Amino acid sequence: MQPDHSSKEIVSGHSSDVIFYVVAIAVGAITGTLGTILHLGVDRLLAWPKMLRPILGGEGPSYCLATGAVAAIMVVLSVWLVRTLVPEAAGSGVQEIEGAMAGLRKIRWARVLPVKFFGGFLSLGSGLVIGREGPTIHIGAAVSQAFSEWMRLPDRDGRALLAAGGAAGLAAAFSAPLASILFVIEETRRQFPYSLKSYTALMLSSVTSGIVTEAIAGRRPFMALSVPDISLLWFPAFIVLGFFLGILGVLFNHALIWSLDLSLTIGRRISYYVFPVVVGFVVGVLLIVQPEATMGGDNLAVRLIGENLPLTIIAIIVVSRFIMTMASYSTGVPGGIFAPILSLATAIGLLYGLLLSSVLPLPAGVEATFAAAAMGGLFSSTVRAPLVGIVLIAELTGAYSALIPTILTCLFANLIADWFGGRPIYEVLLERTLALAGNQAPNTTPRNANSSPEIGGWDQR
């Protein structure tokens, strides 16, 4: 009688899966811890302008000059860390993860991890208009890469763990584990190795990160909004909003790439630190004279809705945040564009509501619904992930009564962006990175994207 090896193989396979799931949980826990510590630390650090006020004897020109100088120093230090130690740590980590999952980039975790953490601490704390998810997503991928190397995981499992780490980083940034899972599915659909094993690991890592984040920072919607129930008669207004956001999303992506190219040109011709110094100084001054134009804007949505600002002020905030988002992301510091997109969209939604109210009587509180729907709409037209936009806004705001209006806005924003030739921003950023690294024209894929000895912080966003 021949021995039955099949049952042993099944048990061995299950044991291997369990070990992989435990690793995914560990990645989620570590990423959630590091991400939450970073965010809480940044929240405390952002109080530095108030600490300077009594030292300088109150507000005035000298106070603005001092805050500008401090912010510029913080930005330059962050850029220096990136350019000196790990250029690929600049900007968001999403495109680097996608590149690594496709075998086109390499995550040097031992360098990425400290630079993203401390560089992100400086850049976010300076007041730049960048998102906290940029550092935490890359941190999660770095933690995953470390485990993959230590355990010598096969390529397929390593790619799955990278995705799980990225999702854990996003969950830590926004306390939105479901949107984080969907983001990986929708954003990395070409690179993610779909299987029960990889999918389970993704969910475990994201949920664990969310649990750890809530355990440390508390449980609450990240941008809690109270919105009224909307009559069916107003649904066409959200379709129109989606149309405008679809066009704006395409313009946003083009403007971001143009800004990156401009900062790269300045860096090559003069110095790679000139642009960060100027932007950092401007941000430092704006922290005093127009704080709405600074920082990632995590709490801006709730504050703007509650302040009932006039149309002119909201329009100024829209323009200033658009410009400062482009400038901040192009400095070459660690930072993302998720939060800036959401805060910009909030102001746009409020502006849209105020313009509409000038010709039509609006239901009470509907401006908050426009703001929530606009967040999902602009996210959909720039990132081109409408399902993520819908779920992300629901998790961030807790405004489930705005679900249908948000779906309509996201749907048409994504559709219009596609009609106007808009492409996912992270896909474009990855292609730009690969083109610069391989000295090839955009929209091409070099065989080895890690061989270039000169990949500056500018080149990687």
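Just so it is clear, none of the values below were taken in a lab; they were calculated from the coordinates. Source: prediction; values computed, not measured. Glycine also receives a Cβ, built like all others from the backbone with ideal geometry; neighbour counts cover every protein chain displayed.
Excluding ALA413 itself, calculate the net charge of residues whose Cβ lies under 15 Å from the Cβ of ALA413, where each Lys or Arg counts +1 and each Asp or Glu counts -1.
0
Tell me which of LEU344, GLY332, THR294 sits at the most positive position along the dipole axis of the stretch 232-429, charges placed on C-beta atoms (Lys, Arg +1; Asp, Glu -1).
Farthest towards the positive pole: GLY332.
Given charges of +1 on the Cβ of Lys and Arg and -1 on the Cβ of Asp and Glu, with all other atoms neutral, how large is the dipole of the stretch 18-222 about its Cα centre, in debye to the nearest 20?
160 debye
State, as an integer percentage, the relative contact order of the chain based on alpha-carbon contacts under 8 Å between residues 6 or more apart.
The value is 23 percent.
Among (1) 90, 71, 55; (2) 87, 56, 44; (3) 105, 47, 40, only one was calculated for this model; which label is it, if the read-out is Cα extents along the principal axes in Å?
Read-out taken from this structure: (2).
Given labels modelled 7 Å from the Cα in the Cβ direction, how far is it in nm from ALA364 to LEU196?
Inter-label distance under the simple model: 5.4 nm.
Between the helical axis of 274-289 and the dominant principal axis of the chain, each derived from Cα atoms, what acute angle in degrees is found, rounded to the nearest 10?
Helix 274-289 and the main axis of the chain meet at about 50 degrees.
If neighbour count is taken as other Cβ atoms inside 10 Å, put PHE147, PHE420, PHE243 in order from fewest to most.
With the fewest neighbours first, PHE147, PHE420, PHE243 line up as PHE420, PHE243, PHE147.
Compare the Cα positions of THR265, LEU360, THR382 along the charge dipole of the stretch 232-429 (+1 at Cβ of Lys, Arg; -1 at Cβ of Asp, Glu; about the Cα centre) and return the one farthest towards the positive end.
Towards the positive end, the residue furthest out is THR265.
Could you tell me the center-to-center distance, by alpha carbons, between the stretch 383-397 and the stretch 216-250 in angstrom?
10 Å
Could you work out the local net charge near TYR199, counting Lys and Arg as +1, Asp and Glu as -1, over the other residues with Cβ closer than 14 Å to its Cβ?
+1
Can you check what the net charge comes to around ARG108, using other residues whose Cβ is under 15 Å from the Cβ of ARG108 (Lys, Arg +1; Asp, Glu -1)?
With Lys, Arg at +1 and Asp, Glu at -1, the net is +2.
Dipole size in debye (nearest 20) for the stretch 144-302 around its Cα centre, Lys and Arg Cβ +1, Asp and Glu Cβ -1?
380 debye
Strictly greater than 20 Å: what percent of every Cα pair in the stretch 232-429 meets that?
54 percent
What share of Cα pairs, in percent, lie more than 18 angstrom apart in the stretch 112-241?
That fraction is 61 percent.
For the chain, find the longest principal axis of its Cα atoms and tell me its angle to the long axis of helix 6-45, 0 to 90°, nearest 10.
20 degrees
For the residues ASP298, ASP229, what sequence is obtained by ranking on other C-beta atoms within 10 Å, fewest first?
Exposure proxy ranking, most exposed first: ASP229, ASP298.
Once you have the Cα-Cα distance between TYR400 and ASN299, take 0.36 nm times their residue separation minus that, and quote the gain in nm to one decimal.
Extending this stretch completely gives an extra 34.5 nm.
Report, in degrees rounded to the nearest 10, the 0 to 90 angle that the Cα long axis of helix 425-438 makes with the longest principal axis of the chain.
The angle comes out at about 70 degrees.
Be a star and scan the stretch 143-162 for residues whose amide nitrogen sits under 18 Å from the point 7 Å along the Cα-to-Cβ vector of SER16.
The answer is 148-162.
Over its Cα atoms, what ratio of radius of gyration to 2.2 N^0.38 Å does the stretch 18-222 give?
Normalised by 2.2 N^0.38 Å, the Cα Rg of the stretch 18-222 equals 1.08.
What's the exposure ranking of MET375, MET101, MET203, MET151, going from fewest to most Cβ atoms within 10 Å?
Neighbour counts put them in this order, fewest first: MET151, MET203, MET101, MET375.
So if I place +1 on the C-beta of Lys and Arg and -1 on the C-beta of Asp and Glu, and nothing else carries charge, what would the dipole magnitude of the chain be about its Cα centre? I want it in debye, nearest 20.
Using only the charged Cβ atoms, the result is roughly 780 debye.
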